[in-house]
Amino acid sequence: LQRDEEDFRVKVANIFSTLWEKGVNTVFVQLRPNGDSFYPSSYYPLSKYIVGSYGLAASYDPLQIFIEQAQALALSVHAWINPLRLMSTSEISSVGSTYKIKQWYNSSTYNGKYIVAVDGTYYLNPGYADTRQLIIDGVKEICTNYDIDGIHFDDYFYPTADPAFDQLSYQRDGKELSLGDFRRKQINALMRELNETVKDLKS
């Protein structure tokens, strides 16, 4: 279950006071570790780290509290996102059907194409415009709804060297490239599109 709101506020305030006293001026907050969200989102389910398990609702917005308390001490807030990694193969079944990742999971067309399981965890395949757009929409949502100062990405690499991961997209679009170059092209496209989206919203 979600932590009691007052308890959460006190803990965040104590952490930020300590950081401020030590001269820290910027905080990074993890917002998407596993294709989920640390704030109420239209694109990603609430994280199990916020509400206990997938499929549950939040009674308050922890990110808004985080930002308010950081700004009260003039701390800059940066969002930290893992763009490709989703939840485990067992956890994804608990995600609501309103989210695209669950719709793709349930689809015989897109499961194994848009989302691919590797060693017990699903990943978005960035070789498709639709999957990149989901990541972009999530970032756009953060920039639109919250007063943050930066977006950072972690683990934005393919989870395996196995050609089977993106065989269909490579066969479709990558014939003139090596598999490595094709994959780098997809990540470059994602980062370029994300940069353009963020700068359009907050130059």
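The values are calculated or read from the model by the stated rules, or taken from the named source; none is laboratory data. Quick caveat, the model's predicted, so the values are computed rather than measured. Counting neighbours? That spans all protein chains shown, and the Cβs are built from the backbone with ideal geometry, glycine included. For the accessible areas, the whole protein counts, side chains as well, though only heavy atoms, and no ligand, DNA or RNA atoms are used. Shrake-Rupley method; radii C 1.70, N 1.55, O 1.52, S 1.80 Å.
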Of all residues in segment 33-50, which are in contact (Cβ under 8 Å) with a residue 24 or more places away in the chain and farther than 18 Å from THR98 by Cα?
-> PRO33, ILE50
Test set (1) part of a helix (DSSP H, G or I); (2) open to solvent by 80 Å² or more (accessible area, probe 1.4 Å); (3) touching a residue at least 12 places away in the same chain (Cβ under 8 Å) - GLN167 fails condition number = (3)
Hey, could you check segment 140-155 for residues that are open to solvent by less than 80 Å² (accessible area, probe 1.4 Å) and either hydroxyl-bearing (Ser, Thr, Tyr) or in contact with a Phe, Trp or Tyr (Cβ under 9 Å, 6 or more places away or on another chain) (or both) and say which is modelled with the lowest pLDDT?
-> ASP154
If you check ASP147, ASP119, ASP155, which single one turns out to be acidic (Asp, Glu) and under 15 Å from ILE81 (Cα atoms)?
-> ASP155
Kindly establish whether GLY23 is in a loop (DSSP other than H, G, I, E, B), open to solvent by less than 20 Å² (accessible area, probe 1.4 Å) and small (Gly, Ala, Ser).
-> no
Those residues of segment 26-42 which are buried (at least 16 other Cβ atoms within 10 Å of the Cβ) and outside any loop (DSSP other than H, G, I, E, B), in sequence order | VAL27, VAL29, LEU31, ARG32, SER37
Go through GLU91, GLU6 for me and flag whichever is at negative phi, modelled with pLDDT of 95 or more, open to solvent by 80 Å² or more (accessible area, probe 1.4 Å) and of a type in the set (Asp, Glu).
-> GLU6
Specify the residue that is nearest to SER53 (Cα to Cα); the eligible residues are those in segment 1-20 that are charged (D, E, K, R) and outside any helix (DSSP H, G or I).
-> ARG3
